[in-house]
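The values are calculated or read from the model by the stated rules, or taken from the named source; none is laboratory data. The model shown is predicted, which means the values in this text are computed figures rather than measured ones. Cβ sites come from the backbone with ideal geometry, for glycine too, and all protein chains shown count toward neighbours.
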Amino acid sequence: MQQRDEKQAATHFKPTKIGVCGGGSWATAIAKILLTTQENIYWYMRRQDQIDEFKRVSKNPSYLTGLKFDTDRIFFTSKINELVKQVDTIIFATPSPFLKQHLKKLRVPLKDKMVISAIKGIVPDENLIITDYFEQFYQVPRDQLAVLAGPCHAEEVALERLSYLTIACTDRDKAKTLTTLFNNHYIRTNVTDDVIGIEYATVLKNVYAIAAGICHGLKYGDNFQAVLMSNAIQEMYRFSTAVHPLPRSIDESVYLGDLLVTGYSKFSRNRTFGNMIGKGYSVKTAQIEMEMIAEGYYGVKCIKEINEKYHVQMPIMEAVYNILYNRASPILQIRALTKLLR
């Protein structure tokens, strides 16, 4: 009887009130997508002055500033508890290092909500992927946690260029239902139950994009970049298999495709960050000049610490870690790495 009730609950799951948590470029792109399928949305931004300016000019004053919104269809709030009270489905699209800061004031339970992570990082200190963090610290059931991932830069969403997203959830029926929030004339969606594998892949692809940027800054050419990326996907596969041994096709777009676009695209902030490091910038100087978060900087430290348990062979990750955290010479680290790649 209990199994039947659970199955019926999954069948009847239908998101009706959707909230977005975050004020950056990816949150803005997600809001744009949602407004093609929903009558209105709820949107939490931490700063009230950003909301006020958004309402005044009908666009995000800080990110994707060329993108106009019908603000009459958006219920803005700078209070996270107000957002959670109003919605049944919440999409978190904040940088992973700041997630705990956003949740600090949260008093409304999340356990009866559908929580979707569009965060491409790991929670620092705890070294937990986002879904594990929500399950352990906010008691959100595993089948009410989903991940939104794939090769999809916010800038191209703003331009309505054809893009593909993957929704991961242990309950595939819920994942399929969630696709209705995103499917439109420029977004295609896939579903999977490989939540853990995809979350780690979204972290690692940022690390490898930094590596690609460093190599570009050091004036390694396209030939070497291709070798770097082919070795990176193998490294990603080894780590994913060790952490979460599940049959997966690593050449699918949510893994390989996301790695390639993050490693090669001009829109990739992690590649840009790495490029600056390769050209001789210090980590702090590169971070200040970018004025945006390169998630891979935080991700590589988390992966390094997690891998102390699994001992997976990850020479590219190790090289990036040594450059960013041990102040090792990018020239010497990449030169040593070239002897390990095939």
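Observations
- Restricting segment 268-289 to residues that are free of Cβ contacts under 8 Å to residues at least 24 places away in the same chain and surrounded by 15 or more Cβ atoms within 10 Å (Cβ to Cβ), the residue that is farthest from Thr94 (Cα to Cα): Tyr281
- Test: residue in segment 178-199 that is in contact (Cβ under 8 Å) with a residue 24 or more places away in the chain, closer than 25 Å to Gln333 by Cα and small (Gly, Ala, Ser): no
- Number of the condition not met by Gln136 [criteria: (1) surrounded by fewer than 17 Cβ atoms within 10 Å (Cβ to Cβ); (2) assigned to a strand (DSSP E or B)]: (2)
- Residues of segment 231-262 that turn out to be free of Cβ contacts under 8 Å to residues at least 24 places away in the same chain and either part of a helix (DSSP H, G or I) or of a type in the set (Val, Ile, Thr) (or both), as a count: 5
- For segment 305-319, the candidate set comprises residues that are not in a helix (DSSP H, G or I) and not aliphatic (A, V, I, L, M); within that set, the residue that is surrounded by the fewest Cβ atoms within 10 Å (Cβ to Cβ) is His311.
- On the stretch given as segment 156-177, residues that are surrounded by 17 or more Cβ atoms within 10 Å (Cβ to Cβ), within 22 Å of Leu204 (Cα to Cα) and not β-branched (Val, Ile, Thr) total 5.
- Residues (closer than 17 Å to Gln38 by Cα, within 18 Å of the chain's Cα centre (by Cα), part of a helix (DSSP H, G or I) and of a type outside the set (A, V, I, L, M, F, W, C)) located in segment 172-223: Thr179
- From the list Leu110, Leu103, Leu99, the one residue that fits, being surrounded by 13 or more Cβ atoms within 10 Å (Cβ to Cβ), farther than 19 Å from Gln48 by Cα and not aromatic (Phe, Trp, Tyr), is Leu110.
- For segment 276-304, filtering for residues that are out of contact with any Gly (no Cβ under 9 Å at 6 or more places or on another chain), among the hydroxyl-bearing types (Ser, Thr, Tyr) and outside any helix (DSSP H, G or I) leaves 1.
- Helices (runs of 4 or more DSSP H) within segment 1-73 that include 1 or more residues modelled with pLDDT of 95 or more: 25-34, 48-57
- Some residue of segment 142-156 being touching a strand residue (DSSP E or B) at 6+ places or on another chain (Cβ under 8 Å), of a type in the set (Asp, Glu), outside any loop (DSSP other than H, G, I, E, B) and at pLDDT 95 or above: yes
- Residue in segment 78-94 that is surrounded by 19 or more Cβ atoms within 10 Å (Cβ to Cβ), without any contact (Cβ under 8 Å) to a residue 60 or more places away in the chain and not acidic (Asp, Glu) present: yes
- Taken over segment 120-131, the residue count meeting the criterion of being within 18 Å of His244 (Cβ to Cβ) and either outside any helix (DSSP H, G or I) or free of Cβ contacts under 8 Å to residues at least 12 places away in the same chain (or both) is 8.
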